[in-house]
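Here's the structure, in structure tokens; my notes come after.
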Amino acid sequence: MSNQCLYHVELFNAKGQAEEVEAYLRDVALPFFRERGFQVGFGITQYGLGPRQFWLVTQMDNFGSIDQWEGRTGRDPRGREIMSRLAGMICDARASIVKDLEPHVGWQGESGRMFHVEWFNSRGEPGELEEFFLRVALPYWRRRGFSVKLFLTQHELGPREFWFVTQMEGFASLDRWPEMAAGEREGQAIMTRLLSLITVPRASIVKEV
């Protein structure tokens, strides 16, 4: 059965010049992957705020689709050449698999978006944090103008249990977030409750290419 809410997220650094890796991914590798049927996106960490320089995000039909990737990319010399070139250009790769808990909720705009990503674990009872996000926090923040989504790491393949992603208009929008999130008594209560349920988060800012 198809599951359109799973994503394979690979973070990595450039071995050499970051600009060379960016150009090769954007102009050569991604067009090839998309020709082979992959729904793939590419992002770059901004302001050094992240564990790796680059993000490659691929939508998965289901968990077993990983087994099909080699065949879809390596059936012709061009695919083997691209994969070999990439292997020589990147390092420190780390992969995660995450599930979009609200696949019916989309992002604003089509391209060139910027995102604030936070990872953390739950300190509450099983399912408590997920329910709080879906029933209370996310609906409130969306009413306050945020574009937000929550992802759950699958099969422990990720740095933390939860990925909380907020779309940004730009870096300056961070200045407005405290008032938007906690400017009302309800927002203050939500933030207090949330901080009691999560471990200290780790954050990154990523721009879509």
Being closer than 23 Å to Tyr24 by Cβ, assigned to a helix (DSSP H, G or I) and more than 19 Å from the chain's Cα centre (by Cα), is that true of even one residue in the stretch 88-105?
-> yes
Go through the stretch 49-80 and count every residue that is more than 19 Å from Val165 (Cβ to Cβ) and either open to solvent by less than 80 Å² (accessible area, probe 1.4 Å) or at pLDDT 95 or above (or both).
-> 12
Hey, any hits in the stretch 174-194 for a residue that's open to solvent by less than 20 Å² (accessible area, probe 1.4 Å), under 16 Å from Phe115 (Cβ atoms), of a type in the set (Val, Ile, Thr) and not in a loop (DSSP other than H, G, I, E, B)?
-> no
Name the residues in the stretch 129-145 that are open to solvent by 20 Å² or more (accessible area, probe 1.4 Å) and of a type in the set (A, V, I, L, M, F, W, C), would you?
-> Phe132, Leu134, Val136
How do the pairs read when you match residues in the stretch 156-175 that are closer than 21 Å to Glu131 by Cα with residues anywhere that are surrounded by fewer than 17 Cβ atoms within 10 Å (Cβ to Cβ) and modelled with pLDDT under 90, using Cβ under 8 Å and keeping only pairs 6 or more apart or on different chains?
-> none
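The values are calculated or read from the model by the stated rules, or taken from the named source; none is laboratory data. Predicted model, so just to flag it, every value in this text is computed and none were measured. Note: ideal-geometry Cβ built from the backbone for every residue, glycine included; neighbour counts use all protein chains shown. We work out accessible area using only protein heavy atoms, side chains counted, and drop any ligands, DNA or RNA first. Shrake-Rupley method; radii C 1.70, N 1.55, O 1.52, S 1.80 Å.
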